[in-house]
Structure formats: structure tokens, C-alpha cells
6 protein chains.
Amino acid sequence: MRILVVNPNSTGSMTAKIAAAARRVARPDTQIVATNPADSPPSIQGFLDAALCVPGLLDEVRRARDYDAVVVACFDDTGVDALRCVVDVPVIGIGEAAYHAAAMVSTKFSVVTTLSRSVAGLEANLLRYGLDRRCGRVRASDVPVLKLEEGDETTIDRIRREIEAAITEDGAEAIVLGCAGMTDLMSRLSEEFQVPVIDGVTCGVTMAEALVASGLKTSKKRTYSLA
Amino acid sequence: MRILVVNPNSTGSMTAKIAAAARRVARPDTQIVATNPADSPPSIQGFLDAALCVPGLLDEVRRARDYDAVVVACFDDTGVDALRCVVDVPVIGIGEAAYHAAAMVSTKFSVVTTLSRSVAGLEANLLRYGLDRRCGRVRASDVPVLKLEEGDETTIDRIRREIEAAITEDGAEAIVLGCAGMTDLMSRLSEEFQVPVIDGVTCGVTMAEALVASGLKTSKKRTYSLA
Amino acid sequence: MRILVVNPNSTGSMTAKIAAAARRVARPDTQIVATNPADSPPSIQGFLDAALCVPGLLDEVRRARDYDAVVVACFDDTGVDALRCVVDVPVIGIGEAAYHAAAMVSTKFSVVTTLSRSVAGLEANLLRYGLDRRCGRVRASDVPVLKLEEGDETTIDRIRREIEAAITEDGAEAIVLGCAGMTDLMSRLSEEFQVPVIDGVTCGVTMAEALVASGLKTSKKRTYSLA
Amino acid sequence: MRILVVNPNSTGSMTAKIAAAARRVARPDTQIVATNPADSPPSIQGFLDAALCVPGLLDEVRRARDYDAVVVACFDDTGVDALRCVVDVPVIGIGEAAYHAAAMVSTKFSVVTTLSRSVAGLEANLLRYGLDRRCGRVRASDVPVLKLEEGDETTIDRIRREIEAAITEDGAEAIVLGCAGMTDLMSRLSEEFQVPVIDGVTCGVTMAEALVASGLKTSKKRTYSLA
Amino acid sequence: MRILVVNPNSTGSMTAKIAAAARRVARPDTQIVATNPADSPPSIQGFLDAALCVPGLLDEVRRARDYDAVVVACFDDTGVDALRCVVDVPVIGIGEAAYHAAAMVSTKFSVVTTLSRSVAGLEANLLRYGLDRRCGRVRASDVPVLKLEEGDETTIDRIRREIEAAITEDGAEAIVLGCAGMTDLMSRLSEEFQVPVIDGVTCGVTMAEALVASGLKTSKKRTYSLA
Amino acid sequence: MRILVVNPNSTGSMTAKIAAAARRVARPDTQIVATNPADSPPSIQGFLDAALCVPGLLDEVRRARDYDAVVVACFDDTGVDALRCVVDVPVIGIGEAAYHAAAMVSTKFSVVTTLSRSVAGLEANLLRYGLDRRCGRVRASDVPVLKLEEGDETTIDRIRREIEAAITEDGAEAIVLGCAGMTDLMSRLSEEFQVPVIDGVTCGVTMAEALVASGLKTSKKRTYSLA
């Protein structure tokens, strides 16, 4: 099958990292097509960026051909509802994919994201999905998205500190990494902390494969009916 | 990979139907091992059956070897929490798998199950998973589980009637079939009603594959720590 | 004071109607500046339109000068979060304004909106605001937004039918009109049904005046901090 | 318009302070009539005081003439439901007014009130209004209501300490001052902490004006029907 | 032990009926002291009556001596919180007693009360107690409280109609009778409908006995601390 | 009356302690019959033990004769739903009994239980009962169940530490002891901490007496209908 993975920001190096992560877990018979709009904000941090990147995201998807599912590789799942109105294949946000996966391997998870300005949006998503009930807390590491691209250890230490606190203070049994740019940290931090540390890009791809293999498409009844 | 699919009731014909459904959607490189305890209730209808089948279910899993995930093929997800305490691979109930899938292809789903005595258990699960917020209503069709094995049209008509009501009255955009014995109705009813009609066996297998491909295991922190 | 009322769709006749409604209730010393983007969808019906109109909405606000508050005259409150990131004066969506007002004059209200594709978005807003607990039901009248501009009686009859049902079946003690285009129906339907029938444009303006008079501005701590 | 502001306790100096705050923000064309019962508890701290002051509060309102709205100037909104049964103009509690205002200028607020015995009542109100979902925490400063009348700095420092904790620990983006006696601290503490610090008397008056200007009255359908 | 049962309205015949019901279920060693204020509303229907009866209710309790528990025999549990501030023995409202009992003999109950103006108050209580999650619906029979004193069959038929609807439409497995004046209908309607039909006076007395026998008193930490 | 108290684990010394506690509070005319299965896990700690003890628990009850109510003396209320399907007298878990009692003597309680692996099960129960809204937090003392049988002071000190924290940090006004093995600590710790410290065995017996005296039986409509 063919999965279209759209990074809604315009930072090509992130798209490349996302594509690599996607390919690492995809089925042998899955083709990953990774893309990003050219004229989007360089990173999606908070409600303003999330709103501004949607038209470009929609254009990328409209331009694409012959895909069986779309993965929106931005942890705040921006544009997912709008996309579901224009295509009928499954559309999955990496945030929701990670939350659903976390809910099946633990009784409670916490999210470690980038800036505090992103927390309210993630909390709103969790509430709407119903999965706030499974979430201990959404924690900001105060690491800006693009800082993750540099990948130095002090940056990762800030993430480690929040994971530690989530396990100790929130009763978290699993950790969800709250940014597509953290995708390369999943296995490493899982091993370090001995709890599932869950990346949305990884789960977005495997969940998309699961929905396609199950023969499911986006419901066109009411909310997502084609305009 | 190898997925152990356990039907917790003792009706072999249901296990065979479940195995066939599982194989229909599994990856080419996935091996499905389907089994059921010999001394379990013949069907799981309500809290009493659900409690009685768990020791046999645990035995089946303890006897098995070399599987990468366990799917509990009973829609009320009985024994899933207990199993997560004894293995470290992912354990998925077909109820939760179907709910998570439904939540990614619609804004609201309804469940159509067998007897009214099963409704409260499903509602309790949905509440605990958080997905009650996405569920319009859990509807009983008054079709006993084993009646489904006969597969006559009057039986299916009762299910149709509830699907119709769910779409019209509950605002459901997708339907979740609330019994492993309904697994063969998924594609047929999806086509008839033009909304996703979702079967848990199907989603249990593909979601299990997704978790395994993502490298995830059951958290052993706190709740599911090995005794 | 000066209140900027932005209709995020591009239908000028709706903007004119909204401006008139706004002026009808504004304080004598309030100046209403009503505007709309030129290149937006002609009406906002569902998640796709809601996403597409936001960049134009942001541009309209950025272009404006010397206003004390912004009212977003679209009942699904699209773009309100994004706008709060770019200005520090109060920004109010007409949906939330109407819900807050309804919550102060009744114990339970229902919403009567346009198409069924808009329902899920309004439900998501109510949930996030917390006011779903006060709402009986969000009802679609199946009247498209632009049909409201024609204002014929058969159209209004469909709205009447839902109001009637809301009072009888939902236990609603007040009705919220779920579209900016219904603004001219408020007093007329209030009289007919002898319950408060509440329009968001009206409440958006008076609530904006209330916040400004109270000396309140949008918090710049965390979520809405200036980028 | 004429707004009747009733302080349900019998402390005249508080009524004077409340009246001054009300007049500071009222429209030029609004007349504020402030009053209090003679035989009420001197302050409303907890469920007992709240119950005892209601008959006097009702008498004050029944005695009054020609007002367009009633503001109950006690932060636990005592008697508001009872009053809505006897008048048809809008009746607003300063607690609810402040919560609704806070919900429109922030994603999350915390409340700083007087004694710990008042916390449960405020939590019960927030739950009923639905706005508990927007509230980080209700914090007691351990300052008795009448101590506020003295206005010394050590008293205010205790309030400051809770505001500080609310911003740091609760993730509060706005603060609601949980007592009518704190009305004079709003602008001063807003400036100090650089977040909206919201007073209920202020918002009660401006929200009352908003409802009146919107042409809204208390619904007389069911709950508040005239006996 | 001695249990003080206070009917907060001033209708002596209701007090007598309540006393008889209380004595019917009380332990042989329990003494029931039933009383009512002289100057209260004749029945408690809605928020206004509920507020007005509290001072008299408090006086009755303050006047009494040597009781081990207080039962407030009004289904909307008016004054219970205030009373808990003035005594340290257990104080139970008959509404909460009935809800707690219903929650232990069924998975879901519905309430059948008197007038529609009482519904919102009961819903608010259920929400605060947490037991709204167990309640299908609060239904008004449109029978005024004092009409129950006459006890004719047409009156009871209206209650029957709502019980029938609760079982069929709400999925109720038990019925809670929402008025002290219905106390004599419990066993009769239980037999007729073959589900538990639960009266609050009955449960108020037996639950009070249970708390006293358990050695429990009202917590004096924070909310109910003695003023 | 006769109350059957079943300890679902196989530790006879715990059954003896439970029986003693039950007799201490039972009515003079109540006969307590205490029992435990022979082949159950020695203690119930977490989901696995909870599932494994149910068949033995059901057998014990089926073997018994002439009882008026059943109390399941395991704090996670395991098997209560299954038992309600096989008997029609009231069946009460000591967890739910303690929560309902706590809800009538305080506005907020916290639970102090044994191991952290038991916390998620208790939280799931609270959620389903609706009483999570009244619970500050479920706290693990890290004392294994059987360690309680030794009763040394260091063990009790660990429980004391959590009670202290619950009062200070959670705002708890009452404490629920989250294990049948803590039954002998109730009066002692209540005195020490001057808040209600509530034991489930105690409340299970008195609540069972209350239901029986009220003439209530388990509803046989839908969920618990006899198979």
C-alpha cells in the first residue's frame, strides 16, 4: 500500500527524519511518500502555527495521487478534520495514533511535548478524543521544535527530566513523545526508562496500515461528508 | 510475526470463524494461531460468563509459545487486564481495538451487540477507556451469541434494525459490531449502510500488528508488573 | 470603544446583516467596524470551511487598527485561538458568547444550527468550553447558511420545528441560534416561543463590551503568548 | 439601565466597597443601586452562612423596584437560583460572572478565595456551571473575609502567594479572585502578575449590562417558572 | 439509637406519613423523632422553596437533643450541607440515601419526581454526588407534592407512566421515587414493576443507622468545620 | 438476618479478622457467616489475583444457604457483578460500601491502599461507580496485603504517612482504608487523625443491613438477570 505522510511545516530536514522513521516501521509492501508544504511555518508551535499550516497541508494532499491513507505528521493533529472532509481514505494524526497506542499498552500515560504554548492544544485534543481520562499530564520540556533538529544531549536531558517526573509524579506507565521531531528518540528512551516511550510518526504509520488492512475508510456520513 | 488469537468461550465453530476472519486481514508474514479453552462457557453473555472464562483463557495463553501479541476475541475484553500481568507482549481485546479504530474514522460511533445483559459491561469498558465520549449508544439486538452461528437472515435483520436506528437516532457515523460472532458481517453491512461497520476481530489483528511493528510492549510499570 | 466584527466568510450581505445586528445592541459610545475577507469560502459549513477561512480572517484583523476587542462572527468560533495569539485585546467567538449568555439565563439550552456537518464541530467546542454540560443537544435544521439570506418562511419553519423539539424533548429552557446568519431571528422567535432565543452576534458584541469595560485583556501567559 | 447589586452579608463597609467597584466599570447610563440585608451573617464563609443569608437576600430584592438586572455580590453565588424564581430580569452571581469572563481571556484559570471551608462550595458551583473543566484549582488563602476590609499588606501577601502558586503549579493563565471583598485588588494584582486577575463584582456588573443590552431575561420555562 | 427525621416543609400530614415509613424500617432499638418547622413552605418544589425552608430546618435541629443522626426528609437534600456545619453526627438527605442504595442494587436507575421545576435541582445534586453517571434520567410526573397526600389512583397512574418509560426508554434497572411524599408507594410499585422502586425516607433511616453503627461522624476537616 | 461475608482470598487469618470486625458492628439480630475459598490466591493484589479468585468466590456463595445479603470482603470488589447474576439478595463489595459511606460524611476522600499495582483497579471502580468525582487520590502505601497480618508499627507508619499526605495535599476530609486487612485500624486511626478513617468491612456489613432492612434486592432487569 502507499501512505502519504505530510509534515505540515516547511522544514525539509524534519520531513526527512519523519520519512526515515516511517520507513523503519512500515510493512515491506508499504510505500512511504513523505512531503511538506513549501510555504508553511517552519515549525508548528501553538494555535497560530497550527491554523496557518492547514491550507498548505490541504494543497499537498490534493496534489498527491494514489495513496491509501494519509498521516499528518504534526503532533497537534492540525488539519486532520479538514482533510477527512476532502478524502475518503483514512486520515490519521500522529498525536491521536500515539494516544491510542499508549492506551493499549498502559493504564495511564503522560505526554512530553516542546513548548508550554503547545500544551493547551494537546489537552483540547485529548479531551475531544476521550483519552484525557487516560493521560496523567501534558508536560512541556521547553525545547523548541527546531532545537530538536540539532539533537544535542542537553536538549534530550530536558526531555529526560520530564519523563522522569511523569513516571514519579503522574503515575505514568508509558510516555508519549509530543512532537514529530522526537521520532528518533523512541527506542533509545524506551530502553533507558524501561517503560514504553511512544512516538507518533511510528504509530501513525502502523495504525494507518492497520486501518487500511482492516478495509476501513473515513465515514462520509454527516461530519466528513464530501462538500 | 505470530499472533495468538484466543476465543475465551468453548465453541469451536466460533474459533474457526474468528481464525478465518483474522487470516483474511493479517499481513502475509503474520501467522495466526487461534485457540479456545475446552472448559469455558459456550458463549460470553454478561458479567457471569465473563468472569468464569478467565482462568481458562489464562491457561491457554500460558500454554502457548513464541507469539508476538495476544488478541482476546471476546467483545467485552474479559481477561485482558489479567493477561497483561502475565505476558509482556501486547495484549488487545477486540472491543477496545474496534473502538480505537472507530474513533479514527468517524466522530461518533454506536455499538450493536447481542443481549441486553451485555450492555452494562460494554458501557463500563467504554467509560474506562475514555471512549464513551465518542459512543452514541450501546444497543442490544437481542440476538444470542450462538444464534449468530446459524447465520440466518432474520437474525441479521435484527442487527440491521439497530444499525439503522443508530444512524438515525444516535447520530452514529460508524457502527461497531459488538460480538466476535459478527465478524463475517463487516464488509457486507458496510456496503449496505454506506458507513464503516467495524468488526473487532479484524481490528484486533491489525492493531496487534501495528503495536508489534511499532516495537511496543505492555508497560511493566505498576499495574501490569509481573507478579 | 471600537469593536472589530469579522465575518470570516466572504458573503458581503451576511456581513451587512451582522453589522446591523451588532449596531442594534452596541453601547451608544461603541463603534462597530464590520468586515470580511475577500477570498474566503462563501459560508462556513463544517471543518473544511472552518480551516480554510482562518488565514483570511487573520489578515483582516492584522490589517485593522485601533480596536478594543475582536468578535469573530462565525458560530463555530473558528480562528479564535489563533487570533488570541496575535492580539492582546479580547477576542470572542459568537458561539462561545451565546453559550455563556445562555448559561446565565437558563439551566439548560439547546443549539439549533444549519447543516448536520456542522454539529460535530459545535459539540467539540462545547466540550472544550465545558458548556456541553449545560447543553441539551446540538440540532441541525438542514438549512444551508446562505439559504438563510433569503429569509423565506419555509426556511424559518424548519428552525421553528427544531426549537419546538428542543423545548419538548431536550428539556431546553433557552435556545441558542447556531449561525451568524440567524441573527435577525432572535427577538421574533423569543417572542413566539416565550423562552430566550439567543443570537451570538448580539452576545458577542455585548460580551466584548463587558470584557473591555472590565479592563480585561487576553492572557499572554503560555497558550496565547505572542510568538 | 438600573442594576441592583445585593451584598448578601450585613457588613455595610463591604457593600460600600462593592458599590464603588460597580460604579467604576458601569456604563455612563447605568445606575447602580447597592444594598445589603440588615440581619444577615456579617460574612459568607461556607455552606452555613450561604444558607442563612438567602431569605434576607430575597427580601432585599423583593423590596426593590425598577431594576433591569440583579447582581448577587457574594462569590459563592448563593441565592441566585432562588432569585431567578422570583424575578424575570437577569440575575447574575459574581462567581459565575468571573468564571465566564476568565473562560474568554484564558484557557485555564485558578481561583484564590478566603477560607478552606469555602472551597467545596465553589468547586460544586464550577462543576454545575461546567467550568470546572477550565479551572486549575480553587485555592484558599486562609484570609477571612472581614480581614480583607482592613486591607493590610500581609493579608494581600497571602493572596499573592496563592496567585504565584496558581501560575507556577496549576498552569493558570488567569486568576479569579474568590471573594467580593477582594474587588479593589483586581487592577493592582493584574499589573503585578501580568496575567488577568479577575474580580467578580466588576464582571457581574458588566455581564449584567451585556445581558440586558442583548435583550435577555431569565427563562421562565421549567426551573425558574414563577411559583 | 435516636434518629431525628426532619421534614423541612410545614405540612404535618406529610411528617406523619414520613414518621410511619421511618418506623417501619428502623431497627427495634432505634427511636425515630419526626418533626417539621412551623413556618416553612407547605411543600418544597424547586429552588425557591428549597432555599426558604433552610433556616427553619436548622432551628428544628438546633432545638433537638440527644440524637445520633439527622435525616433530612426532602428529596432535594436541601440544607444538608448547612446542617453538617452545625452538628457532628451524620446528616443524610433522603435523595442521596436513595441514590446510594440504588447504585448498589442496579447498574442504572432513573428518578421519578413531582414537578418539572424540581428536575434541575435533582440533576445538580446527582452531578455533585457523582451519581449522575448511574442515573438514566430525572423524570417529572407533573404531580404536585401535596397532591400525593390525597393518594388517588389517577395520581399514582402518572407515576406509573414515568416508571414504565424509565424502564423502557432509559434502560433503568431500578427506580428512585423523587419525593418524600411517595414513601408509601415503594413496596407496592416494586411488586408491580418487578424492579427495585426505592424510597428515600426508607433508605435515609437505614443508611443513617448504618453510618452510626459503623461509628462514623461528619468530618470536621475543612468544609464542615464548626464555625 | 444472616449476612454471608466472603473473603475471596485463601488466607484464613484474614477471614477471622474480617469476621471479628463484621461482628463488632453488626446488629444484635444479625448473624455473620464468614468464609473463604480454599484454593484462591493468598491475597488479591492487582488484576491477575482479582480474576483468579472469582470462580472460588462464586462456589463459596453457591454452597451457602439462607443468607439475606452477601458482602465481598475484598477492597477491589472483585466478583461482585458476577455474584449479582447468580443471587437476588443484595451483594455489596467492601470497596463500594466504604466509598458510599465516605461520600455521606465528607465532601472529598482519599483512598490508602496496599501496592501500586492495585491502584488502577480501584480507580476503574471509582470511575464506574461515579465516585471518582469525590475521591482526591488513590494512594499506595507499598505495604503488601499479608504484611498487614503481622501488624507491626512500621507497617502502620507507612499507612499513616499516606493519610497525612492525603489530608495535606489532596484536600481529603475523610480517608478510606483500601484493603480488608486494614479493618482493625479504623477506630485507632480515626482518633489519631481526627477525620473519619473508613473501613470497608465495617461499612459492607452495615450497608448490607441497611439494604435488607429497606426491603431491597438486586435488580433482575437486564444486567443481573438470572442466566
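The values are calculated or read from the model by the stated rules, or taken from the named source; none is laboratory data. For clarity, every value in this text was computed on a predicted model and none was experimentally measured. Cβ: placed from backbone, ideal geometry, glycine included. Neighbour counts: every protein chain shown.
Among the candidates B:ILE159, B:ILE175, B:ILE198, which residue alone is β-branched (Val, Ile, Thr), within 27 Å of A:VAL105 (Cβ to Cβ), more than 9 Å from chain A (Cβ to nearest Cβ) and buried (at least 18 other Cβ atoms within 10 Å of the Cβ)?
On the way: B:ILE159 fails: within 27 Å of A:VAL105 (Cβ to Cβ); B:ILE198 fails: more than 9 Å from chain A (Cβ to nearest Cβ).
Answer to the selection: B:ILE175.
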Residues (more than 22 Å from A:SER225 (Cα to Cα) and either among the small types (Gly, Ala, Ser) or free of Cβ contacts under 8 Å to residues at least 24 places away in the same chain (or both)) located in the stretch B:148-179:
B:GLU150, B:GLY151, B:ASP152, B:GLU153, B:THR154, B:THR155, B:ASP157, B:ARG158, B:ARG161, B:GLY178
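Among the residues of the stretch C:48-60, which ones are closer than 16 Å to A:PHE47 by Cα and in contact with a helix residue (DSSP H, G or I) (Cβ under 8 Å, 6 or more places away or on another chain)? Show your work before the answer.
First, pick out the residues of the stretch C:48-60 that are closer than 16 Å to A:PHE47 by Cα: C:50-59.
C:ALA50, C:ALA51, C:LEU52, C:VAL54, C:PRO55, C:LEU57, C:LEU58, listed by residue number.
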Got a number for residues in the stretch C:20-34 being surrounded by fewer than 19 Cβ atoms within 10 Å (Cβ to Cβ) and not charged (D, E, K, R)?
4
Residue check for B:THR107: within 14 Å of chain A (Cβ to nearest Cβ), buried (at least 24 other Cβ atoms within 10 Å of the Cβ) and either more than 17 Å from B:VAL201 (Cα to Cα) or polar (S, T, N, Q) (or both)
yes
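Matching residues to (1) more than 13 Å from chain E (Cβ to nearest Cβ); (2) within 13 Å of the chain's Cα centre (by Cα); (3) among the small types (Gly, Ala, Ser); (4) outside any loop (DSSP other than H, G, I, E, B):
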{"position": "D:ILE3", "(1), (2), (3), (4)": "yes, no, no, yes"}
{"position": "D:ASP59", "(1), (2), (3), (4)": "no, no, no, yes"}
{"position": "D:TYR67", "(1), (2), (3), (4)": "yes, no, no, no"}
{"position": "D:ALA98", "(1), (2), (3), (4)": "yes, yes, yes, yes"}
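For the stretch D:69-123, name all the residues that are of a type in the set (S, T, N, Q) and outside the structural domain of D:ASP142 (by TED's automatic domain parsing). Full working, then the answer.
First, the residues of the stretch D:69-123 that are of a type in the set (S, T, N, Q): D:78, D:106-107, D:110, D:113-114, D:116, D:118.
Listed by number, the list holds a single entry, D:THR78.
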Going residue by residue through the stretch F:219-227, is there one that turns out to be in contact with a Leu (Cβ under 8 Å, 6 or more places away or on another chain), closer than 30 Å to B:THR114 by Cα and among the aliphatic types (A, V, I, L, M)?
yes
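Condition first: more than 14 Å from chain B (Cβ to nearest Cβ) and free of Cβ contacts under 8 Å to residues at least 24 places away in the same chain. Can you find one or more residues in the stretch A:180-195 that meet it? Steps first, please.
Our first condition is that a residue be more than 14 Å from chain B (Cβ to nearest Cβ); within the stretch A:180-195, this holds for A:180-182.
Filter again for free of Cβ contacts under 8 Å to residues at least 24 places away in the same chain, leaving none.
No, the stretch A:180-195 contains no residue that is more than 14 Å from chain B (Cβ to nearest Cβ) and free of Cβ contacts under 8 Å to residues at least 24 places away in the same chain.
Of all residues in the stretch B:38-52 being closer than 23 Å to F:VAL80 by Cα and more than 10 Å from chain F (Cβ to nearest Cβ), which is surrounded by the fewest Cβ atoms within 10 Å (Cβ to Cβ)? Let's see the steps before the verdict.
Going residue by residue through the stretch B:38-52, those that are closer than 23 Å to F:VAL80 by Cα are B:39-52.
From the residues that got through so far, the ones that are more than 10 Å from chain F (Cβ to nearest Cβ) too are B:39-40, B:42-44.
Values: B:ASP39: 10, B:SER40: 23, B:PRO42: 13, B:SER43: 25, B:ILE44: 29.
Filtering first and then ranking leaves B:ASP39.
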Hits in the stretch C:1-28 - residues which are among the basic types (Lys, Arg) and over 22 Å from C:LYS147 (Cβ atoms):
C:ARG2, C:ARG23, C:ARG24, C:ARG27
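Would you be able to say whether some residue in the stretch E:26-38 is touching a strand residue (DSSP E or B) at 6+ places or on another chain (Cβ under 9 Å), in a helix (DSSP H, G or I) and not assigned by TED's automatic domain parsing to the domain that holds E:LYS147? Break it down stepwise before answering.
At the first step, the residues of the stretch E:26-38 found to be touching a strand residue (DSSP E or B) at 6+ places or on another chain (Cβ under 9 Å) are E:26, E:30-37.
Filter once more, so that each one left must be in a helix (DSSP H, G or I): none.
The answer is no, given that none of the residues of the stretch E:26-38 is touching a strand residue (DSSP E or B) at 6+ places or on another chain (Cβ under 9 Å), in a helix (DSSP H, G or I) and not assigned by TED's automatic domain parsing to the domain that holds E:LYS147.
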Does any residue in the stretch F:112-135 that is more than 8 Å from chain E (Cβ to nearest Cβ) and closer than 17 Å to F:THR78 by Cβ come within less than 8 Å, Cβ to Cβ, of a residue that is part of a helix (DSSP H, G or I) and polar (S, T, N, Q) six or more places away or on a different chain, and which pairs are these?
F:ARG117/B:THR223; F:VAL119/B:THR223; F:ALA120/B:THR223; F:GLY121/B:THR223
Hey, does the stretch E:213-227 have a residue that's more than 7 Å from chain F (Cβ to nearest Cβ), touching a residue at least 12 places away in the same chain (Cβ under 8 Å) and under 19 Å from the mean Cα position of the chain (by Cα)?
no
So F:ILE92 passes all but one of these: (1) within 12 Å of another protein chain (Cβ to nearest Cβ); (2) touching a residue at least 40 places away in the same chain (Cβ under 8 Å); (3) in a helix (DSSP H, G or I). Which condition number does it fail?
(3)
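Residues are listed down the side, and each one gets a yes or a no for (1) touching a strand residue (DSSP E or B) at 6+ places or on another chain (Cβ under 9 Å); (2) closer than 27 Å to B:CYS53 by Cα:
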site: F:LYS17; (1), (2): no, no
site: F:SER40; (1), (2): no, yes
site: F:PRO55; (1), (2): no, yes
site: F:THR78; (1), (2): yes, yes
site: F:VAL91; (1), (2): yes, yes
site: F:GLY95; (1), (2): yes, yes
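C:ARG222 - would you say it is charged (D, E, K, R) and either touching a Pro at 6+ places or on another chain (Cβ under 6 Å) or surrounded by fewer than 18 Cβ atoms within 10 Å (Cβ to Cβ) (or both)? Outline the logic, then answer.
On the way: charged (D, E, K, R): yes; either touching a Pro at 6+ places or on another chain (Cβ under 6 Å) or surrounded by fewer than 18 Cβ atoms within 10 Å (Cβ to Cβ) (or both): no.
Taking the combined requirement at face value, the residue does not satisfy it.
Tally up the residues in the stretch F:43-61 that are without any contact (Cβ under 8 Å) to a residue 60 or more places away in the chain and either out of contact with any Cys (no Cβ under 6 Å at 6 or more places or on another chain) or assigned by TED's automatic domain parsing to the domain that holds F:GLU123 (or both), please.
Residues of the stretch F:43-61 that are without any contact (Cβ under 8 Å) to a residue 60 or more places away in the chain, as a first pass: F:48-49, F:51-61.
Filter once more, so that each one left must be either out of contact with any Cys (no Cβ under 6 Å at 6 or more places or on another chain) or assigned by TED's automatic domain parsing to the domain that holds F:GLU123 (or both): F:49, F:51-61.
Looking only at that region, the number is 12.
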In the stretch F:104-139, residue nearest to the chain's Cα centre (by Cα) [restricted to those that are in a loop (DSSP other than H, G, I, E, B) and over 26 Å from B:SER219 (Cα atoms)]:
F:GLY130
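Here's a check for you: in the stretch B:69-89, which residue that is more than 8 Å from every other protein chain (Cβ to nearest Cβ) and charged (D, E, K, R) is surrounded by the fewest Cβ atoms within 10 Å (Cβ to Cβ)? It would help to see each step written out before you state the result.
Initially, the stretch B:69-89 is screened for residues more than 8 Å from every other protein chain (Cβ to nearest Cβ), giving B:69-78, B:80, B:83, B:87-89.
Filter once more, keeping what is charged (D, E, K, R): B:76-77, B:88.
Numbers: B:ASP76: 26, B:ASP77: 24, B:ASP88: 14.
Only one residue fits best here, namely B:ASP88.
For the stretch A:201-219, which positions are among the charged types (D, E, K, R) and surrounded by fewer than 24 Cβ atoms within 10 Å (Cβ to Cβ)? Reasoning before the result, please.
Quick first cut of the stretch A:201-219, residues among the charged types (D, E, K, R) only: A:209, A:217.
Passing the criteria: only A:LYS217.
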